[in-house]
Structure formats: structure tokens, C-alpha cells
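Below are the C-alpha cells for one structure; questions will follow.
The values are calculated or read from the model by the stated rules, or taken from the named source; none is laboratory data. Just so you know, these numbers come straight off a predicted model, no measurement behind them. Side chains are part of the model used for accessible areas, which takes the heavy atoms of the whole protein and leaves out ligands, DNA and RNA. Shrake-Rupley method; radii C 1.70, N 1.55, O 1.52, S 1.80 Å.
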Amino acid sequence: MGLGVSLILIAAGAIMAWAVHVSTTGFNVHTVGYILLVVGIVGALISMMFWSTWGGFGGRTAAEPGPGRRTTVIED
């Protein structure tokens, strides 16, 4: 689950937990909202923990050439 999906789950959970005023029997919308909120937060934390290991931003330093770069060494 990526960071975008986590943010969507957090937003949907917050809306269901705090903005919806519905009373039903056998199904609590607020509980489902809290569950989605917690799942979204946990997913966002896990995504941020593995953010640097997926090879995107910050994966290489300036000294290491990337896959499209060439290093020319001229020996005298």
C-alpha cells in the first residue's frame, strides 16, 4: 500500500468517523471510520519507513553515477 492509498484511507476514515451522522442497527459507521483511519496511519508509517529503500529519491549520492550517466576517466 503506497502513501497515496494511505492518505485516501485516512481521509475516508476521518470523514466516516467525525463527519457522518447516521444511526443504523447492526452496523456502526463510526467504528468503520476509526478502523480505516488506523489502517491508513499504519500504512503511511510503513510507507515512510521503506521510502528510501525503493530506489527513488535519495537512493544515490552525487559520487555514484546513475543508470543513465557515464563516467569518463582520462589517464595521462
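Among the residues in segment 43-54, are any open to solvent by 50 Å² or more (accessible area, probe 1.4 Å), at pLDDT 95 or above and assigned to a helix (DSSP H, G or I)? Quick ask: steps written out before the conclusion?
If we filter segment 43-54 for residues that are open to solvent by 50 Å² or more (accessible area, probe 1.4 Å), which is where we start, we get 45-46, 48-54.
Then drop every residue that is not at pLDDT 95 or above, which leaves none.
No: zero hits.
Considering only residues of segment 1-39 that are of a type in the set (S, T, N, Q) and part of a helix (DSSP H, G or I), which is most open to solvent (accessible area, probe 1.4 Å)?
Among them, the one singled out is 31.
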